[in-house]
């Protein structure tokens, strides 16, 4: 079963795991040391992130290392970009409205004697 990427990154622990493995490949035990939760809980998060293809695992000797899947993160960023442009346009429009309101308010103030 393939999981929804956005549902996976909605969890703060999984976002923290992504941030950790973005810096360097890590073993599950090394990842688990950063959290106040059981190793099994971290393993569940790792499984979900792997199923979503956000992280990959590589066997090196007896250890498994998890690392960030950059291409999948780029897909998410590209999808978000369309909304980022909309938000930026709306913020710019809001800035213009606020400037007009501020100018009008200044013009309405009575002159001091």
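Read-outs throughout are calculated quantities, based only on the coordinates presented, and are distinct from any laboratory measurement. Computed from a predicted structure; not experimentally measured. With ideal geometry, Cβ positions are generated from the backbone for all residues, glycine too; neighbour counts draw on all protein chains shown.
Things to note:
- FRET efficiency, 1/(1 + (r/R0)^6) with R0 35 Å, evaluated for residue 91 and residue 60 via beta carbons: 0.15
- Annotation: extensible slack from residue 35 through residue 108 equals 20.6 nm (criterion: 0.36 nm per residue apart, minus Cα-Cα distance).
- Helix-only arithmetic for the chain: the sum of -39500 (n - 2.57) across DSSP H runs with n ≥ 4, divided by the residue total, places the mean residue ellipticity at 222 nm at -21500 deg cm²/dmol.
- Protection proxy ranking of 69-79, 26-36, 84-94 - average other beta-carbon atoms within 10 Å, highest first: 26-36, 69-79, 84-94
- Helix 39-51 axis, angle to the chain major axis (alpha carbon atoms, nearest 10°): 70
- Using C-alpha pairs under 8 Å with a sequence gap of at least 6, the mean separation divided by the residue count of the stretch 5-68 gives a relative contact order of 39 percent.
- Percent of alpha-carbon pairs separated by more than 21 Å within the stretch 26-113: 60
- Acute angle (nearest 10 degrees) that the helix 70-108 long axis makes with the longest principal axis of the chain, alpha-carbon atoms: 20
- For the stretch 70-113, the alpha carbon convex hull comes to 52 Å³ per residue, rounded to a whole number.
- Alpha-carbon gyration tensor eigenvalues x 5, square-rooted, for the stretch 5-68, Å: 17, 14, 10
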